[in-house]
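Since the structure comes first, as structure tokens, the remarks are kept for the end.
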Amino acid sequence: MEEALKIQSLVIYPIKSCRGISVTQATVTHTGFQWDRYWLVVNYKGRAYTQRVEPKLALVESELPKEAFLEDWEPTKDSFLVLNAPGMSPLKIPLTKPSSVAEGVSMWEWSGSAFDEGEEAAKWFSDFLGKQSRLVRFKKDTETRPSPPEFAAGYSTTFADMFPFLFASQASLDQLNTLLPEPVPINRFRPNILVDNCDPFGEDLWDEIKINDLVFQGVRLCSRCKVPTVNQETGVPGAAEPTETLMKFRSDNVLMPDKKPRGKVFFGKEMVWNWNLTNTEDKGKKTIKVGDTISVIRKIPSRAEAAV
């Protein structure tokens, strides 16, 4: 008898491209997990910094109050996001709403306004990165950052790359590691939800899954940039791996031979929470936990038909 699919771990990344927090439970909202990618480090023009250009961001550790991961918790004046990084004093960011607003913040195709976390945070990141920087927070009450409508019309996210949730499986990582010169940890791929008891790359075929009462819709395979080559413990980018090995068996050329190759490699499945299918009275937000069972409701027939 096959073991049921289960949530092996949950990770929330409060600041885009900075280190994640492993949690035992997380609150699902329309735009992703509560607190996930709420903050963004930007340059003097308000443009996003990510590990693609600032790999040192991997060394910034975030800490939130334990109660922040409970469903109905509200921050008080004594609630903080605490940041640590090598050679830096701890930085405390109040979780209550900032009063200052930054205009002209941009990330990929989106631009809008965001809360500005102030001069102390700006100096901290400027000193750490060695260039003018500011820390901003997504302005959920007035701003919407839509996911690409050709893949997920009507859905939006905060400062995640494109979509609210990234799923990956332990079996996929294990298979990749048998082929690599040196194994890599899952933090190279920065998923929100790591699944146990899955076939290697079985998540590719998920069209619809259910966790408790929450239905998640598969959007597309996650094409990987150069961030998986960055060692998340040292903040130092490598030259080739694991991308070079992934190219041999996880490229669009291999998985979708009938489509025009674009040199992409894939690891993980991007998904949205389909709140329209949630059979509960309160469709606002819900909690999932490590150990929860995952049911696959519907699959796509083959990887060749997967959206990319």
Checklist entry - Applying the selection to segment 19-43, what residues are free of Cβ contacts under 8 Å to residues at least 60 places away in the same chain and crowded, with 24+ Cβ neighbours inside 10 Å? => result none
Item to check | Residues of segment 58-81 classified as within 15 Å of residue 128 (Cβ to Cβ) and outside any loop (DSSP other than H, G, I, E, B), total | outcome: 4
Item to check | Residue check, residue 269 loosely packed, with under 13 Cβ neighbours inside 10 Å and over 14 Å from residue 188 (Cβ atoms) | outcome: no
Checklist outcome for this item: Flagged pairs (Cβ under 9 angstrom, 6 or more apart or on separate chains; first in segment 284-307, among the polar types (S, T, N, Q); second open to solvent by less than 60 Å² (accessible area, probe 1.4 Å) and assigned to a loop (DSSP other than H, G, I, E, B)) are 287/71; 293/4; 295/4
Next on the checklist: Here's a check for you: in segment 211-237, which residue that is hydroxyl-bearing (Ser, Thr, Tyr) and outside any strand (DSSP E or B) is farthest from residue 302 (Cα to Cα)?
Outcome noted: 234
Checklist entry - Among the candidates 91, 83, 10, which residue alone is among the hydrophobic types (A, V, I, L, M, F, W, C), buried (at least 17 other Cβ atoms within 10 Å of the Cβ) and closer than 26 Å to residue 155 by Cβ? => result 10
Next on the checklist: It is to be established whether one or more residues within segment 236-254 are closer than 24 Å to residue 151 by Cβ, of a type in the set (A, V, I, L, M), free of Cβ contacts under 8 Å to residues at least 40 places away in the same chain and touching a Lys or Arg at 6+ places or on another chain (Cβ under 8 Å).
Outcome noted: yes
Next on the checklist: Exactly one of these conditions fails for residue 142: (1) more than 24 Å from residue 301 (Cβ to Cβ); (2) polar (S, T, N, Q); (3) in a helix (DSSP H, G or I). Give me its number.
Outcome noted: (3)
Checklist entry - Hey, residue 64 hits all of (1) open to solvent by 20 Å² or more (accessible area, probe 1.4 Å); (2) closer than 18 Å to residue 159 by Cβ but one; which does it fall short on? => result (1)
Checklist outcome for this item: Here the residues within segment 265-303 that are in contact with a helix residue (DSSP H, G or I) (Cβ under 6 Å, 6 or more places away or on another chain), outside any helix (DSSP H, G or I) and at pLDDT below 95 are 283
Next on the checklist: Need the failing condition index for residue 226 against (1) under 18 Å from the mean Cα position of the chain (by Cα); (2) modelled with pLDDT of 95 or more, just the number.
Outcome noted: (2)
Checklist entry - Is it true that residue 208 is more than 28 Å from residue 137 (Cβ to Cβ), assigned to a strand (DSSP E or B) and acidic (Asp, Glu)? => result yes
Checklist entry - Quick one: residue 198 ticks every box in (1) open to solvent by less than 20 Å² (accessible area, probe 1.4 Å); (2) of a type in the set (A, V, I, L, M, F, W, C); (3) under 18 Å from the mean Cα position of the chain (by Cα); (4) under 21 Å from residue 3 (Cβ atoms) bar one, so which box is it? => result (3)
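The values are calculated or read from the model by the stated rules, or taken from the named source; none is laboratory data. Note that the coordinates shown come from a computational prediction; the quantities given were computed from them, not determined experimentally. For neighbour counting, all protein chains shown are included, and Cβ atoms are generated from backbone atoms with ideal geometry for every residue, glycine included. The protein model used for the area step is the full one, side chains on, heavy atoms only, and it has no ligands, DNA or RNA in it. Shrake-Rupley method; radii C 1.70, N 1.55, O 1.52, S 1.80 Å.
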